[in-house]
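Chemist: Just dropping this structure here.
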Amino acid sequence: MKTMTKERPPSVERLLALAATDARFAGHGTASVTDALRVELSRIRDVWRETGERPDNTTILGNAAELCRARTRPSLSSVINATGVILHTGLGRAVLCDSALRQIRETATGHSNLEIDLDNGERGSRCDHVESRLCDLTGAEAALVVNNDAGAVLLALAATATNREVIVSRGELVEIGGGFRIPEVMAQSGARLVEVGTTNKTRLSDYERAIGPNTAALLTVHPSNFRVVGFTESTELADIVAIAHKHALPVLDDLGSGALVSLQNTAIADEPTVYDRLSAGVDAVMFSGDKLLGGPQAGILIGSKAIIDPMRCHPLARALRCDKLALAALEATLIVYQRGAAWDELPVLRALCRPEQELLASAEGLAEMIGRGGIAAEVRKTEARIGAGSAPGRVLPSFAVAVAHECLGPNEAANLLRHATPPVIARVEDDKLILDVRTLLPGETERVAGIVLEAFIPAKMTRRTRN
Ligand SMILES: *Cc1c(COP(=O)(O)O)cnc(C)c1O
């Protein structure tokens, strides 16, 4: 209700008194409410000056309450991943399993034995909770966990090769996303990079020729997010190991995505596992916790005691240490592997191995629900991806629903879905808005249908009334 009037706007004190008994301000302190009221009053004065219109107290309070709510609403929130990219870095990579969530809650709710040895009451190491499990699952002698894989690579190089040389193939000098490049991470570690071979060909002899008195290690890097095709040659890891060990040098392997189980029966059968890399004889493997392993963000280092132990007491190990909630989630995830239940319980592995029949049924159900609401929707065959620099160029057969908005183009319609609650992240393909069902979690199909209908239908009606 708007009235024309010559009075002054209400005072902040008057409005504060009204807000004190207004449930919409519950949980907001006086300072926060006062500020919101001031912002709203100042806006109103401008409108009043220009138009002579003065909103009543109910409107002012309503707007201030909305401002309080908007300011304190978390910006980081859950979204629905309909992109078909299982490990989407922009969408937080691996979805955690239920037992990891329970363990985070358990650990965060009170104090924990994070760094205390309950047997003798003395100071322990936070990595103790996961080390033997990692060794158990990979066959490694020792393990260490830091904040992420980039940190693990930095620490491994700093502890092994500061002021000395590390040999790496030119074909493996990758940018791992977000503008971070392996050569730059190496430079920060104080190790000197010696590049060998060419982009498409690196031979064993290239490595051997580069080894000199100042060489500290050989580094191999999984070319996670690209593939060189055509006239290529890379060397077998076991041969690189043999050359390095002949010269008493360690091989550090940045695997990136650390699969702990064989992916033999999946579309990415040739993606190496952590176990494969260790079996080839490398001295240390570094990998992420939140890629194919399916756990929290973490950088895991495993290998021989001789190479891992010096890393434990390097100052960078402290600077890069893993958060306790990540450790809680990682331990729970590793226990799932120890129980042999990874394919059943880890959302990443479940998404990876969902059968095509199930995907088709899910897409048909989604198209049907959307179609029933009057929005054009059709099932199409599509290709999903692993993402996060795993298995580059490798696709997984999938099914999707293409939805068409009556008057908006696919990019504008995608934008509409990103602004829904919760946001739905779709992808645009062949000028169509595509909802890939492979990355939808249990129960999300129905929610996506509801969100699409809600987001698309009001826009349609507005246009109708306007015409
Ligand atoms: C993903 C990746 C990284 C970076 O891992 P974060 O855990 O994101 O730091 C480093 N190296 C390779 C080969 C990767 O694939």
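Chemist: Can you spot a residue in the stretch 142-149 that is among the charged types (D, E, K, R), crowded, with 17+ Cβ neighbours inside 10 Å and within 12 Å of the ligand (Cβ to nearest atom)?
Modeler: The answer is yes; a qualifying residue exists.
Chemist: A further question follows. Could you please let me know if S398 is hydroxyl-bearing (S, T, Y) and within 16 Å of the ligand (Cβ to nearest atom)?
Modeler: No, not satisfied.
Chemist: Only one of K324, K381 is closer than 30 Å to Q103 by Cα and either surrounded by 22 or more Cβ atoms within 10 Å (Cβ to Cβ) or of a type in the set (K, R) (or both); which?
Modeler: Among K324, K381, only K324 is closer than 30 Å to Q103 by Cα and either surrounded by 22 or more Cβ atoms within 10 Å (Cβ to Cβ) or of a type in the set (K, R) (or both).
Chemist: To continue, here is another question. Looking only at the stretch 118-133, filter to residues that are among the acidic types (D, E) and open to solvent by 60 Å² or more (accessible area, probe 1.4 Å); which one of those is farthest from I335 (Cα to Cα)?
Modeler: Ranking the candidates gives E122 first.
Chemist: So is E368 assigned by TED's automatic domain parsing to the domain that holds A402, open to solvent by 20 Å² or more (accessible area, probe 1.4 Å) and away from the ligand (no atom under 14 Å from the Cβ) or not?
Modeler: Yes, satisfied.
Chemist: In the stretch 285-317, how many are under 17 Å from V261 (Cα atoms) and either open to solvent by 50 Å² or more (accessible area, probe 1.4 Å) or more than 16 Å from the ligand (Cβ to nearest atom) (or both)?
Modeler: 0
Chemist: Tell me whether the stretch 134-150 contains one or more residues that are part of a strand (DSSP E or B) and without any contact (Cβ under 8 Å) to a residue 60 or more places away in the chain.
Modeler: Taking every residue of the stretch 134-150 in turn, none turns out to be part of a strand (DSSP E or B) and without any contact (Cβ under 8 Å) to a residue 60 or more places away in the chain.
Chemist: R93 passes all but one of (1) assigned by TED's automatic domain parsing to the domain that holds C322; (2) within 16 Å of the ligand (Cβ to nearest atom); (3) under 27 Å from the mean Cα position of the chain (by Cα); which number fails?
Modeler: Here R93 meets the rest and fails (1).
Chemist: Let me ask you something else. What do you reckon, is L346 away from the ligand (no atom under 16 Å from the Cβ) and under 19 Å from G92 (Cα atoms)?
Modeler: Yes; evaluated as a whole, the condition is true for this residue.
Chemist: Going residue by residue through the stretch 391-402, is there one that turns out to be over 22 Å from G450 (Cα atoms), of a type outside the set (D, E), assigned to a helix (DSSP H, G or I) and open to solvent by 10 Å² or more (accessible area, probe 1.4 Å)?
Modeler: no
Chemist: Here's a follow-up. From the list A248, A242, A216, pick out the single residue that is assigned to a strand (DSSP E or B), at pLDDT 95 or above and either in the same structural domain as G340 (by TED's automatic domain parsing) or over 18 Å from V153 (Cα atoms) (or both).
Modeler: It is A216.
Chemist: Mind checking whether some residue in the stretch 340-351 is open to solvent by less than 50 Å² (accessible area, probe 1.4 Å) and not in a helix (DSSP H, G or I)?
Modeler: Taking every residue of the stretch 340-351 in turn, at least one turns out to be open to solvent by less than 50 Å² (accessible area, probe 1.4 Å) and not in a helix (DSSP H, G or I).
Chemist: Residue check, L433 against (1) outside any strand (DSSP E or B); (2) buried (at least 17 other Cβ atoms within 10 Å of the Cβ); (3) more than 19 Å from the chain's Cα centre (by Cα); (4) not assigned by TED's automatic domain parsing to the domain that holds G295, all met but one. Which one?
Modeler: Going through (1) outside any strand (DSSP E or B); (2) buried (at least 17 other Cβ atoms within 10 Å of the Cβ); (3) more than 19 Å from the chain's Cα centre (by Cα); (4) not assigned by TED's automatic domain parsing to the domain that holds G295 one by one, L433 breaks only (1).
The values are calculated or read from the model by the stated rules, or taken from the named source; none is laboratory data. For clarity, every value in this text was computed on a predicted model and none was experimentally measured. Virtual Cβ from ideal backbone geometry, glycine too; neighbours counted across all protein chains shown. Areas reflect the complete protein model, heavy atoms only, side chains present, ligands, DNA and RNA absent. Shrake-Rupley method; radii C 1.70, N 1.55, O 1.52, S 1.80 Å.
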